[in-house]
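So the structure is just underneath, and the comments pick up after that.
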Amino acid sequence: MPETHPLISVVVPTYDRAPQLARCLEALAAQEYPRDRYEVIVADDGSPDPADGLVRQFAGKMNVVLVTQKHVGPAATRNLGASHAPGEFLAFTDDDCVPARDWLARMAARLARHPGCLVGGQTINALPENIYSSSSQALVDILYHYYNVNGSPTFLTTSNVAMPAAQFRATDGFDPAFRFAEDREFCDRWLHHGYGMVYAPEMRVHHYHNLTLARLWGQHFHYGRGARHFHKVRAERGWGNLRPEAGFYRTVFHYPFARVGGTRGLRMEALMLWIQMANAAGFFFQALKGTPPATHSCRP
């Protein structure tokens, strides 16, 4: 652990998920990190039922503040939280995530060892009995394995990341035009600024994302829309066109059965096809639509 404890501002975007937010805040209040060295900023994206009462319940347990805005989407909501952050470092997690007790301590250690880097941790599916949640998390695991395996990460999700606040602001933060896939666009822009990225699996959060078949489709349909917008913006910046990689798709359809096996593994293989169909449908829908995706909540 670091000899000193840098001041860390933790930004939690939320939209109309009070029970999940309460569980997240309980975990943040229980951090094994000096109470005066971190602050939690809950950024409410215009929830119909404001989170002020819930946030007040935690005021005696940790330094926590609430900031609010009209309903404009997760990228702008994260930026709102960051704009109120006094910390030397910014950390982001989601309202349906539960960080481990040593999350901030391990984060501080990694940030000290890798100055100037974006550090991303491991997100663990907290609902293993739910095959739809398991399949969605398996795809993230595949992305991490495929794109971060060589020790030079190119993609880290906003459910579990931290970085120097000054560099976050130097990149202009998240692009609010992205309602989906904003973390993918941010990582790409971060790298083009010449900043480094590090994967830190010891930084763990558990993700309570309760999906159904229909919600799994909707989630990845929207990711496909975001992917199309990302490809378009990247080409407009002159950063080249991204093309599908056969090796990645072979990994997608091999990974679940290799890791899980049996009937459940086969079912997850089928859901990987479902996910890819949803993603492709969203991608082509956005290509036909032509305009940036409409406002979307922090909840996929």
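Expressed as a rounded percentage, what relative contact order does segment 8-210 have, with Cα pairs under 8 Å and six or more residues apart? Numbers along the way, then the final one.
Values: 405 pairs, mean separation 55.4, N = 203.
So the answer I get is 27 percent.
Need the list of lysines near Lys232 for cross-linking: C-alpha distance under 16 angstrom, and skip anything on the same chain fewer than eight residues off.
Of all the lysines, those that pass the test against Lys232 - Cα under 16 Å, at least 8 places apart if same chain - are Lys289.
With a 10 Å cut-off between alpha carbons and a GNM built on the chain, which of Glu202, Glu39, Glu236 moves the most?
Highest fluctuation among the options: Glu236.
If I fit a long axis through the Cα atoms of helix 182-192 and take the longest principal axis of the Cα atoms of the chain, what angle between them do I get, 0 to 90°, rounded to 10?
On a 0 to 90 degree scale, this one is about 80.
Whole-Hz ³J(HN,Hα) for each residue in segment 98-114, computed from phi via Karplus 6.51 cos²θ - 1.76 cosθ + 1.60 with θ = phi - 60°, x for glycine and proline: what do you get?
Couplings: 10, x, 5, 4, 9, 4, 5, 5, 5, 4, 4, 5, 5, 5, 5, 6, 10 Hz.
List the trypsin sites (Lys or Arg not before Pro) within segment 22-69 that fall in a DSSP loop (any state other than H, G, I, E or B) and whose Cβ has at most 14 other Cβ atoms within 10 Å.
Of the trypsin sites (Lys or Arg not before Pro), the ones in loops of segment 22-69 whose Cβ has at most 14 other Cβ atoms within 10 Å are Lys61.
Radius of gyration and Dmax for segment 1-70's Cα atoms, expressed in Å?
Values for segment 1-70 (Cα only, Rg and Dmax): 12.6, 43 Å.
In Å, what is the Rg of the alpha-carbon atoms in the chain, and how long is Dmax?
Taking only Cα atoms of the chain, I get Rg and Dmax of 18.5, 54 Å.
Values quoted throughout were computed directly from the atomic coordinates according to the rules given, and no laboratory measurement underlies them. Keep in mind the model is a prediction, meaning the values are calculated, not measured. Virtual Cβ from ideal backbone geometry, glycine too; neighbours counted across all protein chains shown.
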